[in-house]
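Report on the following structure.
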Amino acid sequence: LLPKDVMREELGKHRSKITEWELKKLKGIYGVSMQAIMARARHLNIISENTYRSFNIYVNKNRWRQNEPGTYAGKEEANRFKQLVISAAAEKIISFSKGAELLNISLADFEKKVRIVS
């Protein structure tokens, strides 16, 4: 369901942080749970064992095993720029305020989108 090339295109070759928004987006496009997406990212060494462990702690803390957020929409939206901005903020390449500015939204709204889950 999530081939190596797709995962690398969506998340990059290596990540230290992944946001809830990114996982919801992938879940909405591919119809795969966020937990399965992160397991696949770990299997492909996109994320470290520590990042994967942190994500599972976050899942348990937020009771996602019973009710994971996000829905499968069955269609893809053009949001590559948004994904790149959020990814750059998660990886601390740009500041949250710069990310909010680039997406033309408030800092508070941007911080909600860039909720780090791992």
### Summary
Per the filter on segment 93-110, residues more than 20 Å from Arg15 (Cα to Cα), buried (at least 17 other Cβ atoms within 10 Å of the Cβ) and small (Gly, Ala, Ser) are Ala100
### Task
From Arg8, Arg15, grab the single residue that is under 13 Å from the mean Cα position of the chain (by Cα), closer than 16 Å to Ile116 by Cβ and charged (D, E, K, R).
Arg15
## Note on the structure
Picked from segment 4-21 (must be assigned to a helix (DSSP H, G or I) and of a type in the set (D, E, K, R)), the residue nearest to Glu68 (Cα to Cα) is Glu20
### Summary
Note on segment 28-44: residues closer than 23 Å to Val85 by Cβ, in contact with a helix residue (DSSP H, G or I) (Cβ under 7 Å, 6 or more places away or on another chain) and open to solvent by 30 Å² or more (accessible area, probe 1.4 Å) are none
## Note on the structure
The residue that is farthest from Ala88 (Cα to Cα), considering only those in segment 1-26 that are in contact (Cβ under 8 Å) with a residue 40 or more places away in the chain and open to solvent by 30 Å² or more (accessible area, probe 1.4 Å), is Lys4
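The values are calculated or read from the model by the stated rules, or taken from the named source; none is laboratory data. Remember, predicted model here, so these are calculated numbers, not experimental data. All Cβ positions, even for glycine, are placed from backbone atoms using ideal geometry, and neighbour counts span all protein chains on display. Ligands, DNA and RNA are stripped out before the accessible areas are found, and what is left, the full protein with its side chains, is counted by its heavy atoms. Shrake-Rupley method; radii C 1.70, N 1.55, O 1.52, S 1.80 Å.
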